[in-house]
Amino acid sequence: MRNKLLSGTACAALCLVSFSGAARSATLDDVMARLDKIEKENAELRSKVRSLSAKPAAVSVAAAPAVTDPSKFKGNPVLHGSVATSPAPVPPPGPMIAGIPVKAGPLTPLIDNTTVTLYGSIDLSGDIFNPSVFDQGTKLGVASNISSFGVRVRHNLAPYGWEGMAVVAQLESQVDFASAPTERAALGTRDSYLGLEGPWGAIKAGKSDTPYKKSTAAMDPFTRTLGDYNSIMGNTGGDNRAEFDWRMNHAVWYESPIYNGFQFSALASPGQNYAKDNSDYSYGDAFQCNGASSRGSGSNFPGTGGAVAGNIGGNGCTDGSYGNAYSAALTYKNGPFNAIAAYELHEGVNRHGDDGLEPGLIAPVFLADGSQVLTGVHNEWAAKVGGGYHFNDGLGDLQLNAFYEWIRREVTAIEQPFNERSRDAVFASATQMIGKWAISGSYAHAFSSPGNPAMLSVNDPVLASAATLQGNLFANDASQYAIGARYYFNNWASWYVVASQLNQGPGAHYCLGASGHGYQVCSRDAANDTIGGATIRAATTGMTFNF
């Protein structure tokens, strides 16, 4: 009887991974959510097996009916690896408790009820791009697009009297297929945690994409490519990282169950900073400043421009390092309609890297008219609201998405002329399914901010080395356009092509691929000076394989 139930379970799980239009467009977050659901269902089935095994032998239960039409099921497109064809059932060796195999423990038998799942995503692309800077020209590239590998563990607590509860854990790492690996590809660099899950939701601790980031992740059809919306959305001042589309270290978060279509999540991350102005890296984070990418702009790694005089721990976290951080999101889904609202706060964000007032190395920046640039240490917050609608327009399924975003830096009046971190932005996307093709387009626009402290070099081969222009004299709005197509060989393998263009006002300095691509395409010259107002173009083609 137990074998029949398990066989039925395997059949049902296999049907869940059948092909469907909705599954094709699943993001990695969708994949993980569906994996959680199937793991929970597996735990419930085990509980039923135990209860049936405890009944008298005369009681019989019909085997789960075979499912003959897998096209009716929509599920996780990467779960097929866990439902491979099994050999003929063999009675498990050794003792059993309530129909579950046990193994010897230090004092008493232990129920062997831990599920381990391996998963991953491989995405490689070939790119062509032109940053429109006088000494750069057209370039070719190959990128890993944040390919990843992970291990998920679920330990069912029901056999120990905690019905509906489980211990969950995950270890996920970036895999640099195309580039030389650094600490970015170390174990646990991506979402990794230990937590407790129950009917009331889940509490986890470790590192994770914030609720703010996750709330709109599925709205971007070009995630991880050079058309990724993080060139603008979640990006406070341009350049090569999106501070409000982030994975936070040393965090604790809560995820509620779905109730009448609503789900709430909240995260808190203590700053753990040595310095009161958050100008040093956090306890436990060697060389890494809060809010900085590994070895990237704003980090405290030697040679990156973050550490003062190249010293490790030299109080050089002055390009966006923050203290405590909080993030929350509320999502709603009812049939074809979905909506989101999200908020995130970064306390004490250190921007002295823009005004030259780093602790222990006072080198103030002055304008041509003698006025001093002031940016200081202040709170930054972001909020966004939006939604989407899914319907069939006769050609196939059509998904429409849009949201509006506010980002603010709470500065004093004297600092307002240099405040490039306060701005509004809007994003919209559409994906049309036609057979195995997904045709997508997106638009993102950042409105001008009150100021811009960056000293922007002139995009001119003669004047670039000698002349600078103060950024806050010019509008720093920007618009990003992206279009592309993806062909699905099946639920797990696809090929795509994407083209993107970033048009910028003379004071703007955004980048393509700011988050999720293997590298960023920014308007910088050979001396790494920022060129304002450049029009950046790129095209990319690649393959994605999920397992």
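The values are calculated or read from the model by the stated rules, or taken from the named source; none is laboratory data. From a predicted model like this one, the values you see are computed outputs, not experimental measurements. Cβ atoms come from the backbone with ideal geometry, glycine included; neighbour counts cover every protein chain shown.
Some values worked out for this structure:
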read-out	value
Any chance P131 is more than 28 Å from S500 (Cβ to Cβ), crowded, with 17+ Cβ neighbours inside 10 Å, in contact (Cβ under 8 Å) with a residue 40 or more places away in the chain and not charged (D, E, K, R)	no
Restricting segment 190-200 to residues that are surrounded by 18 or more Cβ atoms within 10 Å (Cβ to Cβ) and not basic (K, R), the residue that is farthest from R224 (Cα to Cα)	E197
V349 outside any strand (DSSP E or B), at pLDDT 90 or above and under 20 Å from N278 (Cα atoms)	no
Lone unmet requirement of (1) in a strand (DSSP E or B); (2) touching a helix residue (DSSP H, G or I) at 6+ places or on another chain (Cβ under 7 Å); (3) farther than 30 Å from L400 by Cβ for P364	(1)
Condition met for T216 (farther than 30 Å from P450 by Cβ and surrounded by 24 or more Cβ atoms within 10 Å (Cβ to Cβ))	no
Any hit, segment 506-516, residues being more than 26 Å from the chain's Cα centre (by Cα), assigned by TED's automatic domain parsing to the domain that holds M233 and either in contact (Cβ under 8 Å) with a residue 12 or more places away in the chain or surrounded by fewer than 20 Cβ atoms within 10 Å (Cβ to Cβ) (or both)	yes
The one condition in (1) under 17 Å from F129 (Cβ atoms); (2) buried (at least 18 other Cβ atoms within 10 Å of the Cβ); (3) among the hydroxyl-bearing types (S, T, Y) that T535 fails to fulfil	(2)
Filter pass, G271 being among the small types (G, A, S) and either over 19 Å from A341 (Cβ atoms) or buried (at least 24 other Cβ atoms within 10 Å of the Cβ) (or both)	yes
